[in-house]
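A short write-up of the structure that comes next.
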Amino acid sequence: MLEIVSTKDAPQAIGPYSQAICVNGMVFTSGQIGLTPKGDLVVGIEKQTRQVLNNLQAVLREANSGLNKVVKTTIFLSDMEYFAKVNEIYEEFFGEHKPARSTVAVKTLPKDALVEIECIALK
């Protein structure tokens with residue numbers, strides 16, 4: 001059975017998609033950018049990365065999951081120069097848990113964000 005996940009603790013979708021979908025014990029999140037739950041984009045790579053990860057935590061929590069159950073992340077960066085700083089903050093949130101991961105540089109992100117992260121987790 002397919003379950004749509006929605007929480008007010010993360011920004012609402014800015015397009016025709018869900019914050020996450022649960023199916024067969026798995027959670028598939030949409031990409032999160034550094035928007036606050038009110039829809040304001042925070043400034044700077046550090047603040048955006050923290051906001052992105054806080055948003056993912058909120059969506060996962062609503063799906064009865066958490067960062068400790070993430071099996072795969074994909075990080076999209078507007079500039080690979082942000083790689084080291086994003087890694088540093090990412091490690092703060094994930095600690096010893098090290099999901100599989102891909103990181104790619106992209107030309108642009110929605111709202112001209114600097115970073116976007118999506119993940120797949122277990123429930």
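Tabulated results
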{"quantity": "C-alpha long axis of helix 83-94 to longest principal axis of the chain, angle in °", "calculated": "30 degrees"}
{"quantity": "Rounded to 5, percent antiparallel among DSSP beta bridges of the chain", "calculated": "75 percent"}
{"quantity": "Count of Lys pairs (Cα-Cα under 25 Å; at least 8 positions apart or interchain) in the chain", "calculated": "26"}
{"quantity": "Solvent exposure ordering (accessible area, 1.4 Å, most first) of Asp112, Asp9, Asp79", "calculated": "Asp112, Asp9, Asp79"}
{"quantity": "Solvent-accessible heavy-atom area per residue, rounded to whole Å², over the chain at 1.4 Å", "calculated": "54 Å²"}
{"quantity": "Inter-label distance, nm, simple model (7 Å from Cα along the C-beta direction), Ser18/Arg61", "calculated": "2.1 nm"}
{"quantity": "Among Pro11, Cys22, Leu56 - extreme Cα towards positive end, dipole of the chain, charges at beta-carbon", "calculated": "Cys22"}
{"quantity": "Spin-label pair Asn87/Thr74, simplified geometry with 7 Å Cα→Cβ offset, distance in nm", "calculated": "2.2 nm"}
{"quantity": "Förster radius 30 Å - calculated FRET efficiency between Lys47 and Ser6, Cβ distance, rounded to 0.05", "calculated": "0.80"}
{"quantity": "By accessible area with a 1.4 Å probe, ligands and nucleic acids excluded, highest first: order of Val70, Val104", "calculated": "Val104, Val70"}
{"quantity": "Spread of Cα-to-Cα distances over 10 Å intervals beginning at zero, given as percent, for the chain", "calculated": "14, 50, 33, 4, 0"}
{"quantity": "Charge dipole (debye, nearest 20) of segment 60-99; +1 at Cβ of Lys and Arg, -1 at Cβ of Asp and Glu", "calculated": "260 debye"}
{"quantity": "Dipole moment magnitude, nearest 20 debye, segment 3-100 about Cα centre, only Lys, Arg, Asp, Glu C-beta charged", "calculated": "220 debye"}
{"quantity": "Segment 69-123 - charge dipole about Cα centre, Lys and Arg +1 at Cβ, Asp and Glu -1, debye rounded to 20", "calculated": "340 debye"}
{"quantity": "Heavy-atom accessible surface of the chain: percent carbon and sulfur, 1.4 Å", "calculated": "53 percent"}
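The values are calculated or read from the model by the stated rules, or taken from the named source; none is laboratory data. This one's a predicted model, so the numbers in the text were calculated from it and none came from an experiment. Cβ coordinates were reconstructed from backbone atoms using ideal geometry, including for glycine residues, and neighbour counts include every protein chain displayed. The protein model used for the area step is the full one, side chains on, heavy atoms only, and it has no ligands, DNA or RNA in it. Shrake-Rupley method; radii C 1.70, N 1.55, O 1.52, S 1.80 Å.
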